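Chemist: Here it is: the structure, laid out below.
Every read-out reported here was derived from the displayed coordinates using simple, explicitly stated rules and does not represent laboratory data. All figures in this text were calculated on a predicted structure; none of them were measured in a lab. Cβ sites come from the backbone with ideal geometry, for glycine too, and all protein chains shown count toward neighbours.
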């Protein structure tokens, strides 16, 4: 597994929005960028799908396993993998700290989005 450059990860962590573009079914064409929240836990980058495992970008990310993200002034070719359930509480805590006060936070800590946690690594 490739790890993030610390400065790139810091830039991504500092921004509120990440745009995710998993590959389409052809495995070559990037999908339409979707703005989502992201968090960093122990030097690892995670995102969650608001609509849970039914979300379009989530299904594409898991089935294709790769794509591109744009965040913090970076465009990065990446790999996607299902998040480790053992880290769910740590990811919850990171979301709660980063997005405190947002009316959208409570649903992101719910079972549907939690089940749709994705880890993003550089390709």
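Chemist: Taking only C-alpha pairs under 8 Å that are 6+ residues apart, what is the relative contact order of the range 13-54 in percent?
Modeler: Worked out over the range 13-54, it gives 32 percent.
Chemist: Expressed as a rounded percentage, what relative contact order does the chain have, with Cα pairs under 8 Å and six or more residues apart?
Modeler: Taking the mean separation of contacting Cα pairs over the length of the chain, I get 32 percent.
Chemist: Follow-up question, since we're still on this one. On average, how much area does the Cα convex hull of the chain cover when viewed from any direction, in nm²?
Modeler: Computing the convex hull of the Cα atoms and averaging its projections yields 6.8 nm².
Chemist: Only counting other Cβ atoms within 10 Å, I'd like 21, 93 sorted with the fewest neighbours first.
Modeler: Ascending number of Cβ neighbours within 10 Å: 93, 21.
Chemist: How big is the Kirkwood radius of the range 63-123, worked out from every pair of different alpha carbons and given in Å to one decimal?
Modeler: 12.9
Chemist: Using 0.36 nm per residue of separation minus the Cα-Cα distance, give me the extension gain between residue 109 and residue 10 in nm, one decimal.
Modeler: Here the answer is 33.4 nm.
Chemist: Can you tell me how much longer the chain between residue 90 and residue 3 gets when fully stretched, taken as 0.36 nm per residue apart minus their C-alpha distance, in nm with one decimal?
Modeler: Computed gain between residue 90 and residue 3 is 29.4 nm.
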